[in-house]
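Down below is the structure, laid out as structure tokens.
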Amino acid sequence: MNKMIAFLLMAVLASASAEVSTKELVAVVRLTPHNSTGGPNVNGAITFTQSATNGPVTVTGTISGLKEGLHGFHVHEKGDLSSGCTSAGGHFNPNGQNHGAPGDAVRHVGDLGNIQANSEGIATVNITDTVISLSGANNILGRAVVVHEDADDLGKGNHSLSLTTGNAGARLACGVIGVSSPNSNWSGAGIAIVSSYVVSILLPAAALVLSFLDY
């Protein structure tokens, strides 16, 4: 009987783990020009999708009005656009790291590298990142996405700004990241993280108990 109870507990915990890890979260941002009265008319729409708790985030969308070439593309720390893109602050960097490439072990959370604009000034964004998140410590909700004038040197240049901004130049466009998917998913996002953590502890414990029970 005890063994049956332990087995059922393991089944319930495994089911709960699967449920909390597959709840999809979606956020969006509408990019508008930093200076609406002059300068490049850069606009765009970006979607952030996270299909599993603590899983990778896919970043997709299009941005227009750019000069051909590479442009720095980052998540900045603030969602304050009261002074245009300038008031969005620096890159989202809760761990106090140096600036780097998206694949580097040392990087800002908000370091998403570069986007490539074609000859028509349009950049198609398709990024998968394992550091940013739509919940937890690296949550980017309420923060700003900023598109820069120049290429991000990914922290590899010799410029004095390489390790802080990637020397990516002026801010051309920005927008605040907001909730898109159904509220039911977001209301459970924080619970999902806690539940996943609890399950990760209880499931091995149940297995250990099961191994010591007699038939």
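The values are calculated or read from the model by the stated rules, or taken from the named source; none is laboratory data. All figures in this text were calculated on a predicted structure; none of them were measured in a lab. Positions of Cβ are generated from backbone atoms using ideal geometry, with glycine treated the same way; all protein chains shown enter the neighbour counts.
What residue, of 110, 121, is at pLDDT 95 or above, closer than 15 Å to residue 172 by Cα and touching a strand residue (DSSP E or B) at 6+ places or on another chain (Cβ under 9 Å)?
Only one candidate passes the filter, namely 121.
Which is hydroxyl-bearing (Ser, Thr, Tyr) and over 19 Å from residue 126 (Cβ atoms), of 64, 82, 51?
Only one candidate passes the filter, namely 82.
Yes or no, residue by residue, for (1) touching a helix residue (DSSP H, G or I) at 6+ places or on another chain (Cβ under 9 Å); (2) modelled with pLDDT of 95 or more:
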residue	(1), (2)
134	yes, yes
144	yes, yes
154	no, yes
188	yes, no
193	yes, no
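Of everything in the stretch 145-181, what is over 18 Å from residue 64 (Cα atoms) and not in a loop (DSSP other than H, G, I, E, B)? Give them in sequence order.
178, 179
Can you find a residue in the stretch 127-140 that is in a strand (DSSP E or B), under 20 Å from residue 94 (Cα atoms) and free of Cβ contacts under 8 Å to residues at least 40 places away in the same chain?
Yes, that holds for at least one residue.
Just to be sure I understand the filter: pairs with C-beta atoms under 8 Å, separated by 6 or more residues or on different chains, first member in the stretch 53-74 and of a type in the set (Asp, Glu), second member not in a loop (DSSP other than H, G, I, E, B). Which pairs pass?
What qualifies is 68/117.
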